[in-house]
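Below is one structure; the comments refer to it alone.
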Amino acid sequence: MLPYSRLVNILMYLMTDKEVTSPEKLSEVFMVSERTIRSDVKIINECLENYKAEVVHLRTQGYKLIINDEKLFQKFYEKHLQKLEKKIDLESPEKRINYLIERLLYENRYHTLDELADIVFVTPTTVSNYLKTMKLILSEFNLELKNKSNFGYKIVGNEDDKRNYIIDSLAYDLRLMPTEYSIEQRRIFEGIDLNQLENIIVKHTNIFDTRFSDFDLKNLVIHFALIISRINHGFTIDYQTDIKIDDDVIEMVEPLVVSIEKFYDISIPEQERTYLYSHFIRNLKPIVGNGGKYQIDVIIEDILSSIKKNYHFDLIDDQTLINDLNLHFRAILLSKQYSMNKKNPLYKTITTSYPFEFEMTLTAIRQISKKHNLNLNNDEIAYVALHIGASLERNFYLKKYKKNVVIVCGTGYPTLRMIEAIILNAFSDKVNVIDKCTYREYLERKYPDNIDFVISTVMIPSSKIPVIQIEFPIEQYCLDKIYAEINKSDVFDEVVTQYFEDDLFFIFDTIEKNELPYIMSDVLLKKGYVNDNYLGSVYEREKLASTLMNGLIAIPHPLEVFSNVTKIAVAIIDKPVKWTEEESAQIILLLSIAEEDRFELKQLFKLFVELMMNDDSQKKALKSKKLSQFLKILRDLNTNQEG
């Protein structure tokens, strides 16, 4: 049996993904390191050993589940996975708290402390310790955990807020498997076949040639299932709205609603119908319309112009990006037309895994929002950031971070051609073959400094350029050596030698937030690294949105480039400084980025995210008294990231 829930989720994810899944993707989805993913896959394979199935790792591509005996694997599924759909996971306090809230939401009565303890198999004292956390969680959804003497505890609040909590608790599963339904979803909606419900929805929407993304379709199914589930338990919504739903939307959705009423033998009242119509609109990809009063083309042009001005990335001619943003903004503005904000279950993943892309997009949209009367929340901005990130990858990063290589072979041009073909077949998106030559030709030629390494079938002594020696014919271990060299990062060494200085490392016992940038930037200014406009731009950027990444690390920086050279000033503060109304900071990384180093900004943010996600490293960083100690922590993080 799979010993912990993450293994179950990884296996379920690979079961639904018919293609190869990269280690980076799994690491991003499950929010663990690639090293942890490798360990998890090893355990999964040990459990699959007797069922003629295996998660194989295809070098340079990723992981894929191979099932050699469908009947035998079905036995494994029924024995170890299917029964988990009804099993309640209570292995941590967090999961016990969530389950208690779920039970209270579905049972409209008071529960004593003893009853709550019996539900999650702990003592009443333990449940008593959970109550404060439960109250805090519920307060975020305008819900109250009411205590009545001699009766116990009950959740009170309106039905719409209760449903928002349930959907929010499933957000991780929505992100995890956008085309399949998780164990947790099937358990909560027990008695409702989610795949069958999906088929009913698709059958009706196909009539109108309606398009949904995989995620939006699944999101719609979950909302329909929630409505059916709540009605079956005696809870209906009093959904009040002044928005008039268009007749064409009602015409499209009403036959579906009637079909669901008949199939599940329920009656959906008028308020619930309006609730359904609104969620249908929210998840629909518009195929008509131009955004009403908004000039979408101008909005997109202004966003891309802002990015070019502030970050010097020119995306204005990326027609793929423009088309994607056009469609996306039409969807956003359609929701705005009906006064609805669409929750983004990927928000945390985007802001932690792609902080630079989110930062860039947030700044641009905040700058142009007043001009266009465009009020987007962070959930909506995060979606836009994904499109911006994809464009950066296409237009800059893939070109910038391809390795330039020379191929050397002593047995002639046909062999060189064959080696080149094999290497490009395996690494076409990762290498540029600058030259191919014999050993003698290599010694005679002078190569520019931008050659990253040489791939050679012969030994090259005293080469100034790193050499990866292989054999012909090329076997898998040769490709593995090349793959390792391609992925070896020298970013950290560049950071150490260029971006940090002892004079830019500060230790404070206590300090006010507004004082920090002034003191730190004053040293940058005196050293000639920034100009007089730098500090004002840092304050202006902070007004747009907080640069606090979590409850500990803040990364203030200017809106535009006012730096002659790239430097990072570091402040370690003993007593937390209040950074926002809710959160404080103790590690401050003040960025001064020169235009020519803009490509490195993404890598720097990635390294800072590693620090943000590692509690042990954060604790060590707070104890740093010298720059060398702080850099050692970053170096260790960078090494683990590569491993």
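The values are calculated or read from the model by the stated rules, or taken from the named source; none is laboratory data. Everything numeric in this text was worked out from a predicted model, so none of it was measured. Virtual Cβ from ideal backbone geometry, glycine too; neighbours counted across all protein chains shown. Just so you know, the surface numbers come from the protein's heavy atoms only, side chains and all, with ligands and any DNA or RNA stripped out. Shrake-Rupley method; radii C 1.70, N 1.55, O 1.52, S 1.80 Å.
Just the protein heavy atoms count here, and of the accessible area of the chain at 1.4 Å, carbon and sulfur take up 48 percent. Using a simple spin-label model with pseudo-atoms 7 Å out from Cα toward Cβ, Thr112 and Val249 lie 4.8 nm apart.
What is the sum of charges around Thr547, taking Lys and Arg as +1, Asp and Glu as -1, for the other residues whose C-beta is under 10 Å from the C-beta of Thr547? Walk me through the numbers on the way to the answer.
Working: positive: Arg541; negative: Glu359, Glu542.
Net of charged neighbours comes to -1.
Say R0 is 41 Å: what FRET efficiency, to the nearest 0.05, do Glu515 and Thr125 get from their beta-carbon distance? Mind showing how you got there, number by number?
Working: r = 46 Å, r/R0 = 1.11.
Approximately 0.35, to the nearest 0.05.
Scaling the Cα radius of gyration of the chain by the globular reference 2.2 N^0.38 Å produces a ratio of 1.09. The long axis of helix 627-642 is offset from the longest Cα principal axis of the chain by roughly 70 degrees. Rounded to the nearest 10 degrees, the inclination of helix 296-311 to the longest alpha-carbon principal axis of the chain is 40 degrees. When both the range 297-331 and the range 88-146 are represented by their alpha-carbon centers, they are found 46 Å apart.
For the set Lys25/Lys481; Lys75/Lys162; Lys42/Lys481; Lys567/Lys620; Lys527/Lys625, the pairs lying more than 28 angstrom apart at their alpha carbons are Lys75/Lys162.
Ranking request for peptides 218-227, 463-472: highest mean number of other beta-carbon atoms within 10 Å first, then the rest in descending order. If you can, show how the numbers build up before the last one.
Details: 218-227: 22.6, 463-472: 14.3.
Ranked from most to least packed, the peptides come out as 218-227, 463-472.
Farthest towards the positive end of the charge dipole of the range 355-404, among the residues Thr361, Phe396, Tyr383, is the Cα of Phe396, using unit charges on the Cβ of Lys, Arg, Asp and Glu.
When the Cα positions of Val127, Val467, Ile588 are compared along the charge dipole of the chain, Val467 comes out farthest toward the positive end, with charges on each C-beta of Lys, Arg, Asp and Glu.
Here's the list of aspartates and glutamates a cross-link from Lys132 could span, going by alpha-carbon distance under 12 Å and ignoring same-chain residues fewer than 8 apart: Glu144. Helix 355-372 versus the longest principal axis of the chain: what is the Cα-based angle in degrees, 0 to 90, to the nearest 10? Rounded to the nearest ten degrees, it is 70.
Quote the FRET efficiency, to the nearest 0.05, computed for Thr236 versus Glu393 with a Förster distance R0 of 56 Å and r equal to the Cβ-Cβ distance.
Values: r = 46 Å, r/R0 = 0.83.
Approximately 0.75, to the nearest 0.05.
Cross-link pairs exceeding 26 Å in C-alpha to C-alpha distance, out of Lys403/Lys446; Lys309/Lys575; Lys308/Lys513; Lys309/Lys602, comprise Lys309/Lys575; Lys308/Lys513.
What the range 419-554 shows is 55 Å² of accessible area per residue, with the surface traced by a 1.4 Å probe over protein heavy atoms. Computed about its Cα centre, the charge dipole of the chain is approximately 760 debye, with only Lys, Arg, Asp and Glu carrying charge at their Cβ. Spin-label model, Asn45 to Asp503: label points 7 Å out along the Cα-to-beta-carbon direction sit 5.3 nm apart.
Calculated FRET efficiency, Asn378 and Arg103, Cβ-Cβ r, R0 30 Å, to nearest 0.05?
Details: r = 31 Å, r/R0 = 1.05.
Efficiency computed from Cβ-Cβ geometry: 0.45.
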